[in-house]
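Trainee: Before I ask anything, here is the structure I am working with.
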């Protein structure tokens, strides 16, 4: 397959960035104006507590500047994503980042100065600042955790140094490590971070084993360095939490979203109750593959052969739009016009960023980058996923002022996986063969393992390694591996035989350098399962609650926004005996609902494969 240069991509297959800027020249003009305007940031220093009018003037100025900055940043980022090798795009984005960082540094006085305003005076200010009541309210929550101006300055000076562990891990694993080649029946093929998962899905066990042994063997050769980097990152998390007077590193990371630690613990507890169903699945996998014991490299290869289904991009759009019929014609029409009318950069070209993403902004269209392939069914699901993000951004921007339109990662993963749930229901309802339905069931099982079970295991590991240090037990290579090995045994169960290299996985997960956010993927899919079932069974009332969630943007904390939609992430249903009649109950116990869905899917796959 010949991959085209960017210049050779047809206009109808590119996104149209006109909602941001008509072209590079207009961007340059706006960028010059932004830099000129940003130079006025220091002029408000020392005046914010004098009067509500002074505070409002500063907030209005920063809001306007922020809207312009977001617009500039999105355009520069999207142009770079089109072709990362384009020198002009590289230069544009680098200049923007430099200017934005300078503006952020100049504005560093504002939060401490606002938080220094006496409570009684701030209460009076809030009465006359209705447009900023939400954003200021969120900021004021941090007051007990803000230090003196000089202490804050010293912490700010550490920002770049604090990235050392993450950057060193990335440089080592993404750049310095050379994983070599793996022999296959088609010849030797390169093993990389990107191709590793593909090798694990290979039908030949010898290929899977060779790829796994070579890949993990390289991590084994750097295990002490990787352990030191991860331990250093954990130490930094704990230092930062203690300096800001949080009870723990986990509490510090959950604080901005106002998520109680009980929600995190409830996720782990309910998933633990669902582990028998996961063990049952791995036992089924062992039997189907005809193995005495599973190894880690046997856990990804499909049990149902891949189904060759082709969808052109326009056909994929129509399938996604049809699947989202439960959300009504207005949602469908807006999405169809966007996906066909300039939101999406559709196909691969040389230098284009891999994967897919949605980039919503306040003033521009919610653009989507794809590398769409007609013969991959998963790309249809990816399109539905990114469309969920984009429609979330659209509803949020239309319903909120700029200062609190942006939603959290906690909420973002709900809207995207919600769309995937409806698309899966559509495909299941229209499956033309038992094999295709079984393939879809297998895909759902894999998605739930990867998003619900695996991310919860990662979340449990993060808590274990941070608690170890907080309780005075140092992290060594041996302790990191031991803690992870215990979790592997717990989650994979008796069907899998652990090998010496397996626990090195805990040293190769990049998420751990941004601790305590992976749990959001698990809560996101649990909420999406619950919401999709409510919309499908309850119709318009549930749909309107879901739209209220999309419109809430950043005006509420994520748990409150989800409660409006009808989902309470702090609720856990009581334990019940297993059986085919177990169905997730809308609005109650979303994590258990997702676990029960998984259990029912395993039963269906067992029936097909028996």
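The values are calculated or read from the model by the stated rules, or taken from the named source; none is laboratory data. As the structure is a computational prediction, the values presented were derived from the model and not from experiment. Counting neighbours? That spans all protein chains shown, and the Cβs are built from the backbone with ideal geometry, glycine included.
Trainee: Scan the stretch 266-298 for residues that are touching a helix residue (DSSP H, G or I) at 6+ places or on another chain (Cβ under 6 Å), under 30 Å from residue 554 (Cβ atoms) and crowded, with 19+ Cβ neighbours inside 10 Å and report the count.
Mentor: Matching residues across the stretch 266-298 total 3.
Trainee: Taking the conditions exactly as written (part of a helix (DSSP H, G or I) and touching a helix residue (DSSP H, G or I) at 6+ places or on another chain (Cβ under 8 Å)), does residue 491 satisfy them or not?
Mentor: Considered against the rule, which asks whether it is part of a helix (DSSP H, G or I) and touching a helix residue (DSSP H, G or I) at 6+ places or on another chain (Cβ under 8 Å), residue 491 comes out as yes.
Trainee: Can you pull out the residues in the stretch 425-443 that are crowded, with 20+ Cβ neighbours inside 10 Å and closer than 13 Å to residue 529 by Cβ?
Mentor: The answer is none; no residue qualifies.
Trainee: On to the next question. Do you know which of the residues in the stretch 144-154 that are in a helix (DSSP H, G or I) and surrounded by 14 or more Cβ atoms within 10 Å (Cβ to Cβ) is modelled with the lowest pLDDT?
Mentor: Filtering the stretch 144-154 for residues that are in a helix (DSSP H, G or I) and surrounded by 14 or more Cβ atoms within 10 Å (Cβ to Cβ), the one modelled with the lowest pLDDT comes out as 152.
Trainee: Part of a helix (DSSP H, G or I) and either modelled with pLDDT under 95 or under 26 Å from the mean Cα position of the chain (by Cα) (or both): which single residue out of 254, 284 fits that description?
Mentor: 254 is the lone residue from the list that is part of a helix (DSSP H, G or I) and either modelled with pLDDT under 95 or under 26 Å from the mean Cα position of the chain (by Cα) (or both).
Trainee: Mind listing just one residue for me: the one in the stretch 83-104 that is under 30 Å from residue 146 (Cβ atoms) and in contact (Cβ under 8 Å) with a residue 40 or more places away in the chain and, of those, surrounded by the fewest Cβ atoms within 10 Å (Cβ to Cβ)?
Mentor: Ranking the candidates gives 102 first.
Trainee: Hey, any hits in the stretch 162-183 for a residue that's outside any strand (DSSP E or B), touching a strand residue (DSSP E or B) at 6+ places or on another chain (Cβ under 7 Å) and under 30 Å from residue 298 (Cα atoms)?
Mentor: No, the stretch 162-183 has no match at all.
Trainee: Conditions: (1) at pLDDT 95 or above; (2) assigned to a helix (DSSP H, G or I); (3) over 18 Å from residue 511 (Cβ atoms). Residue 268 meets all but one. Number of the miss?
Mentor: Tallying (1) at pLDDT 95 or above; (2) assigned to a helix (DSSP H, G or I); (3) over 18 Å from residue 511 (Cβ atoms), residue 268 fails exactly one: (3).
Trainee: Oh, and also: Quick check on this structure: which one of 550, 531, 536, 501 is within 30 Å of residue 329 (Cα to Cα), touching a residue at least 60 places away in the same chain (Cβ under 8 Å) and surrounded by fewer than 20 Cβ atoms within 10 Å (Cβ to Cβ)?
Mentor: The unique qualifying residue is 536.
Results for (1) over 19 Å from residue 393 (Cβ atoms); (2) in a helix (DSSP H, G or I), shown as yes or no for each residue.
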position: 333; (1), (2): no, yes
position: 354; (1), (2): yes, no
position: 358; (1), (2): no, no
position: 365; (1), (2): no, no
position: 374; (1), (2): yes, no
position: 379; (1), (2): yes, yes
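Trainee: Please go through the stretch 394-437 and pick out each residue that is part of a loop (DSSP other than H, G, I, E, B) and under 26 Å from residue 319 (Cβ atoms).
Mentor: Once the filter is applied, which keeps residues that are part of a loop (DSSP other than H, G, I, E, B) and under 26 Å from residue 319 (Cβ atoms), the stretch 394-437 yields 430, 431, 432, 433.
Here is a yes/no grid of residues against (1) touching a strand residue (DSSP E or B) at 6+ places or on another chain (Cβ under 8 Å); (2) more than 30 Å from residue 491 (Cβ to Cβ); (3) at pLDDT below 95:
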residue	(1), (2), (3)
376	no, no, yes
380	no, no, no
392	no, yes, no
399	no, yes, no
426	no, yes, no
436	no, no, yes
439	no, no, yes
467	no, no, no
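Trainee: So residue 263 clears everything in (1) surrounded by fewer than 19 Cβ atoms within 10 Å (Cβ to Cβ); (2) under 23 Å from the mean Cα position of the chain (by Cα) except one condition, right? Which one?
Mentor: It fails just one condition, (1).
Trainee: Of all residues in the stretch 379-406, which are touching a residue at least 40 places away in the same chain (Cβ under 8 Å) and within 26 Å of residue 444 (Cβ to Cβ)?
Mentor: 379, 380, 381, 383, 384, 387, 390, 391, 392
Trainee: Checking residue 80 against (1) modelled with pLDDT of 95 or more; (2) surrounded by 15 or more Cβ atoms within 10 Å (Cβ to Cβ); (3) more than 30 Å from residue 140 (Cβ to Cβ); (4) out of contact with any strand residue (DSSP E or B) (no Cβ under 7 Å at 6 or more places or on another chain): exactly one of these is not met. Which one?
Mentor: Looking at each condition in turn, residue 80 falls short on (1).
Trainee: Which of the residues spanning the stretch 287-308 are in a helix (DSSP H, G or I) and under 24 Å from residue 213 (Cβ atoms)?
Mentor: 288, 289, 296, 297, 298, listed by residue number.
Trainee: Of all residues in the stretch 71-109, which are closer than 17 Å to residue 356 by Cα and part of a loop (DSSP other than H, G, I, E, B)?
Mentor: Those that are closer than 17 Å to residue 356 by Cα and part of a loop (DSSP other than H, G, I, E, B): 83, 84.
Trainee: Is there a residue in the stretch 203-216 that is out of contact with any strand residue (DSSP E or B) (no Cβ under 6 Å at 6 or more places or on another chain), exposed (fewer than 13 other Cβ atoms within 10 Å of the Cβ), without any contact (Cβ under 8 Å) to a residue 40 or more places away in the chain and under 26 Å from residue 64 (Cα atoms)?
Mentor: No, every residue in the stretch 203-216 fails to be out of contact with any strand residue (DSSP E or B) (no Cβ under 6 Å at 6 or more places or on another chain), exposed (fewer than 13 other Cβ atoms within 10 Å of the Cβ), without any contact (Cβ under 8 Å) to a residue 40 or more places away in the chain and under 26 Å from residue 64 (Cα atoms).
Trainee: For the stretch 41-63, enumerate the residues that are part of a helix (DSSP H, G or I) and either in contact with a strand residue (DSSP E or B) (Cβ under 7 Å, 6 or more places away or on another chain) or touching a residue at least 12 places away in the same chain (Cβ under 8 Å) (or both).
Mentor: Once the filter is applied, which keeps residues that are part of a helix (DSSP H, G or I) and either in contact with a strand residue (DSSP E or B) (Cβ under 7 Å, 6 or more places away or on another chain) or touching a residue at least 12 places away in the same chain (Cβ under 8 Å) (or both), the stretch 41-63 yields 41, 42, 44, 52, 55, 56, 57, 58, 59, 61, 62, 63.
Trainee: May I pose another question? Within the stretch 128-137, which residues are in contact with a helix residue (DSSP H, G or I) (Cβ under 8 Å, 6 or more places away or on another chain) and either in a helix (DSSP H, G or I) or within 26 Å of residue 408 (Cβ to Cβ) (or both)?
Mentor: If the condition is that a residue be in contact with a helix residue (DSSP H, G or I) (Cβ under 8 Å, 6 or more places away or on another chain) and either in a helix (DSSP H, G or I) or within 26 Å of residue 408 (Cβ to Cβ) (or both), then 129, 131, 132, 133, 134, 135, 136, 137 are the ones that fit.
Trainee: Do you know which residues across the stretch 311-340 are out of contact with any helix residue (DSSP H, G or I) (no Cβ under 9 Å at 6 or more places or on another chain) and touching a residue at least 40 places away in the same chain (Cβ under 8 Å)?
Mentor: Scanning the stretch 311-340 gives a single hit, 312.
Trainee: Given 536, 559, which one is in a helix (DSSP H, G or I), modelled with pLDDT under 95 and within 30 Å of residue 276 (Cβ to Cβ)?
Mentor: The match here is 559.
Trainee: So residue 124 passes all but one of these: (1) within 30 Å of residue 27 (Cα to Cα); (2) touching a residue at least 12 places away in the same chain (Cβ under 8 Å). Which condition number does it fail?
Mentor: With (1) within 30 Å of residue 27 (Cα to Cα); (2) touching a residue at least 12 places away in the same chain (Cβ under 8 Å) applied to residue 124, the lone miss is (1).
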